[in-house]
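Below is one structure, written out as structure tokens; comments come after it.
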Amino acid sequence: MECGIAPFRQAIPDLTARPRKHTGARGPLWYPPPASERSRNQPVTPNVKHHVADLGLSELGRQKIEWADRDMPVLAQIRERFAKERPLEGLRISACLHVTTETANLARTLKAGGADLMLVASNPLSTQDDTAAALVQEYDISTYAIKGEDDETYYSHLTAAIDHAPHITLDDGADVIGVLHGDRREMLDGIIGGTEETTTGVIRLKALEAEGKLAFPVVAVNDANTKHMFDNRYGTGQSTLDGLMRATNILIAGRKCVVGGYGWCGRGLASRLKGMGAHVIVIEVDPLAALEAVMDGFEVLPVAEAAKEGDIFITATGNIHVLRREHFEHMKDGAIIANTGHFNVEIDIPGLEELSDGSREVRPFVQEYVLRNGRKVYLLAEGRLLNLSAAEGHPAAVMDMSFANQALAAEYMAKNASTLENTVYSVPADIDAEISRLKLASMGVEIDALTDEQQKYLASWDQGT
Ligand SMILES: NC(=O)c1ccc[n+]([C@@H]2O[C@H](COP(=O)([O-])OP(=O)(O)OC[C@H]3O[C@@H](n4cnc5c(N)ncnc54)[C@H](O)[C@@H]3O)[C@@H](O)[C@H]2O)c1
């Protein structure tokens, strides 16, 4: 094979086998029923293995996937080329991503490229059940994802992704790679490489690399400029506000909003909250990021001070226990707390529970905690990514670039894995530049080119004052 892939040592999974039944997941289990159980009135039996909530949602899912596709022209171009060139032919890919309409269009692209794809959820709350159904029923893509799945089901889906015996992994948060380097090391030999979507995943992979334990090369998609400058900033900024508004329907104007972390996501969120009329307070630990927040016109406070001031708190740090007991105790009655960082660790939820006499759901994704000091605080979406839990995640126009990077990084891995070290790679600069060019072209925006004189000037040292 052109890409120099070592023969895979594991047996190819039997795609006709019925998966083990999982317990505890919300919603019915859907596996291809044996022929004896089928009636003529049933929808066409899916050809692929799956564990989704309701295949009856597939038509709605298909409509939404097509709607998202209208705003994903770069990915569509890649899909067209992939269908002709089939760069992923013969490769099994296990993707652990948020199962949204945009991800569905990435999945279609990888399949068009020839990949034997298995998609599982990268978060228990981010799955769109109609999208998952359409992936199985309309696009013949093996999908294991149910919105609200419990931890046991979540991990059984990761197991399914690993049992797929992938040559390439696509992660959002490094959960598949984490399990592969832990309990499932026997599967490492067959893997040629992987990709990682988000900041937190890249941090985990770099920690693995620093310990000398990373077992295959991984491309850090998040580090592409065409990913984090747009997805993390504009995507998270807008969709987190969308999640906040859908969950609570509160007015943002006039509210004091505390943003945790002034990185790519925090910057996007702070500027959009400001645009809606909020008074934004930033908390930070990095002096440079804090200084930038000050110069951008935001108030910067230590978290202990901000805790007393804020009406709404949203963390976007990728760090643990940014909001904890000593902060909850000083929050105003009615304070709203949420997170849009990757894992649900940014808010110390066990600490909140210990301080409370009890909690109850007062609206979908809104849990009221009654603290023993008599005040109430409201935790959104179990402290999980607010934008993907209570809304639909990023708009397609930014995921177009993120997933163009994913598709091209998978192709890059297929072609170059045999020459790569077991380390974390950036997306090659020419891929990043090409995605910017294609995105601009799709938006009908033209830019200038350097004249010969300008090129010469920029390459010279002898023309001064
Ligand atoms: N919700 C989404 O859809 C989405 C999208 C992209 C990234 N993410 C996730 O969001 C998180 C942030 O990503 P990013 O790209 O903005 O990262 P980043 O590294 O650019 O920014 C994180 C910022 O948080 C600050 N920080 C760290 N610990 C802190 C603490 N205790 N208190 C205050 N500030 C602290 C850091 O100094 C840094 O400035 C990551 O977990 C990432 O995976 C989520």
TODO: Please find, among Ala417, Ala390, the residue that is among the aliphatic types (A, V, I, L, M) and touching a Cys at 6+ places or on another chain (Cβ under 8 Å).
DONE: Ala417
TODO: Please state which one of Leu323, Leu273 is away from the ligand (no atom under 12 Å from the Cβ), buried (at least 23 other Cβ atoms within 10 Å of the Cβ) and among the aliphatic types (A, V, I, L, M).
DONE: Leu273
- [ ] Read through the list (1) over 22 Å from Leu125 (Cβ atoms); (2) surrounded by fewer than 15 Cβ atoms within 10 Å (Cβ to Cβ), then give the number of the only condition that Val362 fails.
- [x] (1)
Task: Residues being touching a helix residue (DSSP H, G or I) at 6+ places or on another chain (Cβ under 9 Å), acidic (Asp, Glu) and outside any strand (DSSP E or B) - total across region 193-211 - done: 1
TODO: Among the numbered conditions (1) in a strand (DSSP E or B); (2) surrounded by 13 or more Cβ atoms within 10 Å (Cβ to Cβ); (3) without any contact (Cβ under 8 Å) to a residue 12 or more places away in the chain, tell me where Ala441 comes up short.
DONE: (1)
Task: Filtered residue count, region 26-53, keeping only those that are touching an Asp or Glu at 6+ places or on another chain (Cβ under 6 Å) and at pLDDT 95 or above - done: 1
Open item on the list: Going through Ala290, Ala220, Ala247, Ala224 one at a time, which residue ends up being modelled with pLDDT of 95 or more, among the small types (Gly, Ala, Ser), touching a Phe, Trp or Tyr at 6+ places or on another chain (Cβ under 6 Å) and within 16 Å of the ligand (Cβ to nearest atom)?
Closed with: Ala247
Open item on the list: Looking at Leu251, Leu269, Leu273, Leu301 in this structure, which one is out of contact with any strand residue (DSSP E or B) (no Cβ under 8 Å at 6 or more places or on another chain) and of a type in the set (A, V, I, L, M)?
Closed with: Leu251
Open item on the list: Exactly one of these conditions fails for Gly178: (1) within 16 Å of the ligand (Cβ to nearest atom); (2) without any contact (Cβ under 8 Å) to a residue 60 or more places away in the chain; (3) under 25 Å from Gly56 (Cβ atoms). Give me its number.
Closed with: (3)
Open item on the list: Here is a list: Ala215, Ala160, Ala165. Which entry is over 21 Å from Asp54 (Cβ atoms), in contact with a Pro (Cβ under 7 Å, 6 or more places away or on another chain) and either assigned to a loop (DSSP other than H, G, I, E, B) or assigned by TED's automatic domain parsing to the domain that holds Lys84 (or both)?
Closed with: Ala165
Open item on the list: If Gly212 meets every condition in (1) over 14 Å from the mean Cα position of the chain (by Cα); (2) within 16 Å of the ligand (Cβ to nearest atom) apart from one, which number is that one?
Closed with: (2)
Open item on the list: What are the pairs with Cβ atoms under 8 angstrom where one residue, in region 406-429, is within 21 Å of Cys96 (Cβ to Cβ) and the other, located anywhere, is among the aromatic types (Phe, Trp, Tyr) and not in a helix (DSSP H, G or I)? Sequence gap at least six, or different chains.
Closed with: Ala417/Phe216; Asn422/Phe216
TODO: Would you mind stating whether Ala304 is over 25 Å from the mean Cα position of the chain (by Cα), surrounded by fewer than 20 Cβ atoms within 10 Å (Cβ to Cβ) and more than 19 Å from His228 (Cβ to Cβ)?
DONE: yes
Open item on the list: Could you check region 276-287 and list, in sequence order, the residues that are in contact with a strand residue (DSSP E or B) (Cβ under 6 Å, 6 or more places away or on another chain) and within 15 Å of the ligand (Cβ to nearest atom)?
Closed with: Val280, Ile281, Val282, Ile283
Task: When residues of region 101-121 are limited to those that are small (Gly, Ala, Ser), farther than 15 Å from Ala404 by Cα and free of Cβ contacts under 8 Å to residues at least 60 places away in the same chain, the one surrounded by the fewest Cβ atoms within 10 Å (Cβ to Cβ) - done: Gly114
TODO: Determine, yes or no, whether Leu380 is within 16 Å of the ligand (Cβ to nearest atom), over 30 Å from Leu117 (Cβ atoms) and not polar (S, T, N, Q).
DONE: yes
TODO: Report whether or not Ala76 is crowded, with 21+ Cβ neighbours inside 10 Å and of a type outside the set (Val, Ile, Thr).
DONE: no
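The values are calculated or read from the model by the stated rules, or taken from the named source; none is laboratory data. Note that the structure is a prediction, hence the values are computed from the model and not measured. Neighbour counts are summed over all protein chains in view; Cβ atoms, including those assigned to glycine, are modelled from backbone coordinates with ideal geometry.
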